[in-house]
1. Which members of the stretch 154-171 meet the condition of being assigned to a helix (DSSP H, G or I), open to solvent by 20 Å² or more (accessible area, probe 1.4 Å) and touching a residue at least 12 places away in the same chain (Cβ under 8 Å)?
2. So which helices (runs of 4 or more DSSP H) stay within the stretch 343-428 end to end and still have 1 or more residues that are under 30 Å from TYR317 (Cβ atoms) and under 17 Å from the mean Cα position of the chain (by Cα)?
3. Return a yes/no flag: does the stretch 120-129 have any residue that is surrounded by fewer than 22 Cβ atoms within 10 Å (Cβ to Cβ) and either at positive phi or assigned by the TED database to the domain that holds GLY89 (or both).
Amino acid sequence: AEVRLSRRRWAVVLLFSSYSLCNAFQWIQYGSINNVFLRFYGVSAFAIDWLSMSYMLTYIPLLFPVAWLLDKRGLRLIALVGSALNALGAWVKLGSLKPHLFPVTVLGQVICSLAQVFILGMPSRIASVWFGSHEVSTACSIAVFGNQLGVAVGFLVPPVLVPNVEDVDKLANHISIMFYMTAGVATALFILVIIVFKEKPLHPPSRAQALMQSRPTEEYSYVQSILRLLRNPNFLLLMVTYGLNTGCFYALSTLLNRMVIHHYPGEEVNAGRIGLTIILSGMAGALISGIWLDRTKTYKQTTLVVYIMSLVGMVTYTFTLSLGHLWVVFVTAGMLGFFMTGYLPLGFEFAAELTYPESEGTSSGLLNVSAQIFGITFTISQGQIMDRFGTKAGNLFLCSFLFLGTVVTAFIKADLRRQRANLDNEQT
């Protein structure tokens, strides 16, 4: 098949990035002002934490059906369902503006968590289907970029829109403004997906993609694909290391408000800004690592260096959080975010290399399942450790698992199958 790049590819990846942003915002909008929602609904901190963890819990059983749909029905259907569920969940939350309606907000959040299942596994698939071999890692970084920007906005905006006021009616009014804005944006993005998002370009963008598209469909078995992935030792090691790193990020994001408020009472807005700093620096790290991978193709070396620096950043953040200087926390949180959040697209792209020609949606999905399992485990465990032994003990708990992940990463062999396919075809 003729290899040619489509102009539409940038519109597709930016639109995906935008509705992924909206969904990620809805994930963290409760956690970033944990203490405010706790008082408004009159529930425990653990119940508010579960609004965040519902995203992780829903993903685990639904990954395989959604990944199967992605393989059988393609990108457009998955994009339509994901953006539709995201908008529906946002509108349902508008029915929870009374303190006794906590179950309604839980329902809205669960619908949004269903949307996330249709979003998280798509970045590397969109990059492979729409982008050339020289820009595929950059495209994947941009696709992940939107999700991280959504978390950043989720840390920044809720503390500004929903101040910690005593009057319950005023508080409900502030919450309604945030929910209406979210629902409006989510609906507009769903309409844009209907208009703009296409299944695939007219021509394959790379030799590797042309090979995959020319393969007869009857040769492909979804179950066999999963079994081949689970028999790939390098991919299994990457699953563990990706889960450990991303699970630590999920726990840190969910519990950040509680950590900062514990050491700096009344600093809800700055707690959100610290979260914003973590994500913005991580987005810069993700973009730089994507461009670096496209230039050098040093997947193993880059992943290992970023993992080591994530550990260093977490240790530094742990021992500076309690010093009493907020500016120091901003600096160390930014350093931590640059590497820990910057690792996310690295994991997707390394998996795509290790598992070619298997579907990128399936390999990304398995990485995300690992991340959700570790995320739930770490969030619950760290929350309990913080309640009993303090924030430093909770953060050291995460440091120990990042150290384990660094050691395991060193044992992954750089078997770059997708690169070999592109090189072999060029030579042929």
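1. Pass one, the stretch 154-171, residues assigned to a helix (DSSP H, G or I): 154-161, 168-171.
So of that shortlist, the ones also open to solvent by 20 Å² or more (accessible area, probe 1.4 Å) come out as 156-157, 160-161, 168-170.
Once the filter is applied, which keeps residues that are assigned to a helix (DSSP H, G or I), open to solvent by 20 Å² or more (accessible area, probe 1.4 Å) and touching a residue at least 12 places away in the same chain (Cβ under 8 Å), the stretch 154-171 yields LEU156, VAL157, VAL160, LEU161, VAL168.
2. Values: elements: 343-355, 360-389, 391-409, 417-427.
The qualifying helices (runs of 4 or more DSSP H) are 343-355, 360-389.
3. Residues of the stretch 120-129 surrounded by fewer than 22 Cβ atoms within 10 Å (Cβ to Cβ): none.
Looking through the stretch 120-129, none of the residues is surrounded by fewer than 22 Cβ atoms within 10 Å (Cβ to Cβ) and either at positive phi or assigned by the TED database to the domain that holds GLY89 (or both).
Conditions tested, residue by residue: (1) open to solvent by less than 50 Å² (accessible area, probe 1.4 Å); (2) modelled with pLDDT of 90 or more; (3) among the small types (Gly, Ala, Ser).
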residue: LEU354; (1), (2), (3): yes, no, no
residue: SER364; (1), (2), (3): yes, no, yes
residue: ASN368; (1), (2), (3): yes, no, no
residue: PHE374; (1), (2), (3): no, yes, no
residue: PHE378; (1), (2), (3): yes, yes, no
residue: THR391; (1), (2), (3): yes, no, no
residue: LEU404; (1), (2), (3): no, yes, no
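The values are calculated or read from the model by the stated rules, or taken from the named source; none is laboratory data. This structure is a prediction, so every number in the text was calculated from the model and none was measured. Glycine gets a Cβ as well: all are built from the backbone with ideal geometry, and neighbour counts include every protein chain shown. For the accessible areas, the whole protein counts, side chains as well, though only heavy atoms, and no ligand, DNA or RNA atoms are used. Shrake-Rupley method; radii C 1.70, N 1.55, O 1.52, S 1.80 Å.
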